[in-house]
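Everything on this sheet refers to the single structure shown next.
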Amino acid sequence: MDTIVGQQSLLEVRGCRQAYHKEANSDLVVLDDVNLTLREGEMVALLGRSGSGKSTLLRIVAGLLTPTAGEVLWRDRPVHGPAEGVAMVFQSFALFPWLTVQENVELGLEARGVSRSERESRAEAAIDLIGLGGFESAYPKELSGGMRQRVGLARALVVHPDLLLMDEPFSALDVLTAENLRTDLIDLWSEGRLPVRSVLMVTHNIEEAVLMCDRILVFSSNPGRVANELRVPFSHPRNRLDPAFRQLVDDIYGLMTRRPKQSVRAVTSPATLEVPLQRVGTNQMAGLMEALAGPPYNGRADLPALAAALQYEVDELLPLGETLQLLHFAVLEEGDITLAEDGRRFVAADTDDRKRLFATALTAYVPLARMVRQVLDERWNHRASAVRFRDELEDHMSPEYAEDTLRTLIGWGRYAELFSYDEEAEQFSLEDIG
Amino acid sequence: MSATLHPALAEGRRLPNAWDAAAILCVFAALIGIAHEAPSTFERIDAPQALTVSLDPVHLPDYALRTTMRMFAALVASLLFTFSYATAAAKSRRAALILVPILDILQSVPILGFLSFTVVFFMSLFPGRVLGLELASIFAIFTSQAWNMAFSLYQSLKTVPADLKEAADSFHLTAWQRYWRLEVPFGIPGLVWNTMMSMSGGWFFVVASEAVSVGDNTWKLPGIGSYVALALEQRDIRAVCYAIVAMLAVILAYDQLLFRPLVAWSAKFRFETTAGATAEDPWLLRLMRRTRLMSWLADGVGDTVSAVGGLPLALRAYRGTPSQHSSRLFDAIWFVLLVAVLIWAVMKILGFVSADLGLGDLGQAVGLGLLTLVRVAVLMVLASLIWVPIGVWIGLRPIWARRAQPLAQFLAAFPANLLFPPVVLFIVYFSLNADIWLTPLMVLGTQWYILFNVIAGAAAFPGDLREAASNFRIGGWLWWRKVMIPGILPYYVTGAITASGGSWNAAIVAEVASWGDTKLTAHGLGAYIAAATDHGDMTRVVLGVVVMSGFVLLFNRLLWRPLYAYSERHLKLG
């Protein structure tokens, strides 16, 4: 009986594509050809970097977004709008501040028209299950972050959903609280006390995915695709220090640092504006290069170990490493980062020389930086509006990415003294540039 | 069955107690008061008792009650308007295209100038009845509150956090449930605050609108405003003082009985993730909680409202991506329609005004408008020079700030037109120049907005920045220029916008003042509108009001908006 139920597929995503329509140029693709099958009784992680479209996919599954192409089948029926039997837990908790814990938990039942007495008893059961007993009449703002996310969980569980969706549920919590909540959830899940049939969670934390889930789908970015699918063969409870566990985490690091083919081309032939710049500060870059150059790494480090030592999450460390690679200061390979020749020279240089090295790297490898400087040099008054560049970027990426990319470029260019920027007038210029 | 619904009642814990006696007395007194006053609104205007006002202070409580009830009626109307208008504007993109700019313009129209129109209009609806006059007065108050409140709710509805919206959707809340469970609660703190501020403005209008004269007819609705108007005619300064005292009592009661509890209650809906310092509950709220019967009643009302809001009415809220192509076509049709209506409206106004008036009249109105503009500008500068230093001084001393804040708010609510007579008396006695000395009346009521906003700004100024400033021995003018003024600018601008808007409106009553037969007139657009109203010259009233609206709009667009945007962008702390 169990095995048959276990094989039944709850959810199917077929050829799902999400694109935002652009006026002039081609569509901006966030998700491309994503396929996913979810069976009863499994907990699956969507693992990827921020911007890889995994949260978008979760919202498509929840029926909050309609995909541009492809279809979502929930219990063999196409999904239109929020599906019955699917409940969601939010990264930001999304609790209603004017409702008490009890009222927040009852909300989903109330929407279904469940009678008051049944609502109350079911809400109490969910509140007790998730360890919130005694907090029923508290308002969310009186609770700590961990307690708030427990309310978010209880609110989702009280409707007894077949599928529980979780959007980075622990990433807004501190390390200890997050671990405490994860363990509680896993215990309930493995004891079969969670009133759900399967769980789909989005995360960027590799260890979290390996610790909790039965299956991991690794996403690649730009556009978001399922790059790899891994089975986690361990039984609960899992031990983070188990060598097999560590090996799996290491392997996934390797998968996530392996560049998809078309992006490699973007790095080696930098004549394109298509690659968004990641919001990485120059101080962070310098700090990472200094750390890499010094002992114990002496120029080469294993990413998981480096992340642990620097207390960075993979989501923070990878953009940093990739930006250093973009500027040819370092090389990423199979979960390792190696300081390149330019990087070594940067670490050894003094402040002014560092700026000069950085400016050289910017003009050589970041087409947008080169373009801005070129325009400024050509203009008689050496001024140019930022709007012009933003428009150009928006032909290749979403407005948010364009804004982020431009902000990042402004920070880098100012540091490198490649150009100045007037925030008020939104103008690049060559004032105060030697 | 009932035992499961109200277990507390079954246990006998909610039997009435001594506090209930006091509360019940208050409730019945209010009900009797309303029952006593209501029939008079249906009397005929020529009935002997209907429109006679007596200066005997015995009647003052009665007049105060009637004035208060007008305020209440207007408040109810404003709330109805707010919920329908703001919801329509927020829910329909096409409706917003027209509703939002209309609201924006209505906010800058000096409604006092239209008083004569509205009186004629409402009197024609109920010919010969007092009700027409009452409605005109209520409408004047309504216009001073509704735009502001609707804007506040509209902005809240547009800024509901995305994650809460998603949560509501994913839990299948219907559109109706979503509105009452998410959108309205989110808008409540802003709405309550704006209602309170609008009420402050409302007192000014109720006093001004009770005694109305159009052409040769003068009507006096029984109320504090008419009482003062009569006192002015009869040169009775003692009666004016009585009226001032009565008004103080009324505003105090309104503040304590209605708004303190409301603001405290609305704090629950504030969208914040951390528990802030909570102020002590106002006494009325505590009283309500202590009484058994009253709190049981309040709970009952609350539960009913909540149950109605929770009804799964309407279709399931479904959010799909609307098809782009058909909506573009409709957009185009909608836009063409709007432009057509706009052109028609402009033609209509031009036709109406140009029938009797020429370019010369326009020039005259604009010239007078410039005079009033100079007045408003000078007053803003003077009021700022006086109140910014005082406000900063108070705001930096927490104990003082806590005391002064409610006081300044209270002064802002006090209808300044009640304070005109003493000033007029002063001018007449010393035979001073009306053009100069009538001017301060325009900011008499509105300067307090600057004061209490500056106090709030200075009180919120971060302690570490102050410490840094004194650590680097920054003092004197440099301290004002680089430390304090940038720090309080967003607050100051908020206050100054309200104050300058109010001053324009006040110009209509402040540029003309009378004491018995003596009439003082300053040169300005306000006096122009007032004189046109007196002569029943509707075309000149329209011209004056349109020109004044134009001035207010330009003043806001060219000065306050950019300043506000600048301070929001650069100087917002935290």
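The values are calculated or read from the model by the stated rules, or taken from the named source; none is laboratory data. The structure presented is a predicted model; accordingly, all values stated were derived computationally and were not measured. Virtual Cβ from ideal backbone geometry, glycine too; neighbours counted across all protein chains shown.
Screening the range B:110-131 for residues that are in contact (Cβ under 8 Å) with a residue 60 or more places away in the chain and either more than 21 Å from residue B:547 (Cα to Cα) or surrounded by fewer than 19 Cβ atoms within 10 Å (Cβ to Cβ) (or both) and picking the one that is farthest from the chain's Cα centre (by Cα) gives B:128.
Filter the range B:521-550 for residues that are in contact with a Ser or Thr (Cβ under 8 Å, 6 or more places away or on another chain) and surrounded by fewer than 21 Cβ atoms within 10 Å (Cβ to Cβ) and give the result. Once the filter is applied, which keeps residues that are in contact with a Ser or Thr (Cβ under 8 Å, 6 or more places away or on another chain) and surrounded by fewer than 21 Cβ atoms within 10 Å (Cβ to Cβ), the range B:521-550 yields B:531, B:534, B:536, B:538, B:549. Counting just the residues of the range B:227-270 that are among the polar types (S, T, N, Q) and surrounded by fewer than 19 Cβ atoms within 10 Å (Cβ to Cβ), which one comes out farthest from residue B:66 (Cα to Cα)? Looking at the filtered set, the residue picked out is B:234. Residues that are modelled with pLDDT of 70 or more, of a type outside the set (Gly, Ala, Ser) and assigned to a helix (DSSP H, G or I) do not occur anywhere in the range B:315-326. If you go through the range B:406-421 and keep only what is part of a helix (DSSP H, G or I) and either crowded, with 18+ Cβ neighbours inside 10 Å or modelled with pLDDT of 80 or more (or both), you end up with B:407, B:408, B:409, B:411, B:412, B:413, B:416, B:417, B:418, B:420, B:421. Among residues of the range A:73-98 being more than 7 Å from chain B (Cβ to nearest Cβ), among the hydrophobic types (A, V, I, L, M, F, W, C) and in a loop (DSSP other than H, G, I, E, B), the one that is farthest from residue A:35 (Cα to Cα) is A:95. Restricted to the range A:136-145, and to residues there that are crowded, with 16+ Cβ neighbours inside 10 Å and not aliphatic (A, V, I, L, M), the residue that is farthest from the other protein chains (Cβ to nearest Cβ) is A:136. Being within 13 Å of chain B (Cβ to nearest Cβ) and either over 19 Å from residue A:186 (Cβ atoms) or basic (Lys, Arg) (or both) is the filter here; which residues of the range A:161-171 pass it? Of everything in the range A:161-171, nothing turns out to be within 13 Å of chain B (Cβ to nearest Cβ) and either over 19 Å from residue A:186 (Cβ atoms) or basic (Lys, Arg) (or both). Determine whether residue A:245 is at pLDDT 90 or above and assigned to a loop (DSSP other than H, G, I, E, B). No.
Residues in the range A:388-402 that are within 23 Å of the chain's Cα centre (by Cα) and surrounded by 15 or more Cβ atoms within 10 Å (Cβ to Cβ): 7 in all.
Residue by residue, here is whether (1) within 14 Å of chain A (Cβ to nearest Cβ); (2) in contact with a Gly (Cβ under 9 Å, 6 or more places away or on another chain) holds:
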| position | (1), (2) |
| --- | --- |
| B:137 | no, yes |
| B:153 | no, yes |
| B:163 | yes, no |
| B:174 | yes, no |
| B:186 | yes, no |
| B:198 | no, no |
| B:222 | no, no |
| B:229 | no, no |
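Confirm whether residue B:193 is buried (at least 21 other Cβ atoms within 10 Å of the Cβ), modelled with pLDDT under 85 and of a type outside the set (Val, Ile, Thr). No, not satisfied.
Residues in the range A:99-125 that are away from chain B (no Cβ under 11 Å), part of a helix (DSSP H, G or I) and surrounded by fewer than 23 Cβ atoms within 10 Å (Cβ to Cβ): A:102, A:118, A:121, A:122, A:124, A:125.
Determine, yes or no, whether residue A:31 is touching a Pro at 6+ places or on another chain (Cβ under 8 Å), within 14 Å of another protein chain (Cβ to nearest Cβ) and modelled with pLDDT under 90. Judged against the criteria, residue A:31 is not a match. For the range A:100-115, how many residues are touching a residue at least 24 places away in the same chain (Cβ under 8 Å) and either in contact with a helix residue (DSSP H, G or I) (Cβ under 8 Å, 6 or more places away or on another chain) or closer than 21 Å to residue A:165 by Cβ (or both)? Of the residues in that region, 9 qualify. Put simply, of B:88, B:64 the only residue that is under 30 Å from residue B:184 (Cα atoms), modelled with pLDDT of 75 or more and either in contact with a helix residue (DSSP H, G or I) (Cβ under 8 Å, 6 or more places away or on another chain) or not in a helix (DSSP H, G or I) (or both) is B:88.
Checked against (1) modelled with pLDDT of 80 or more; (2) within 25 Å of residue B:507 (Cα to Cα), residue B:401 meets all criteria but (2). For the range A:40-71, the candidate set comprises residues that are assigned to a strand (DSSP E or B) and modelled with pLDDT of 90 or more; within that set, the residue that is farthest from the other protein chains (Cβ to nearest Cβ) is A:47.
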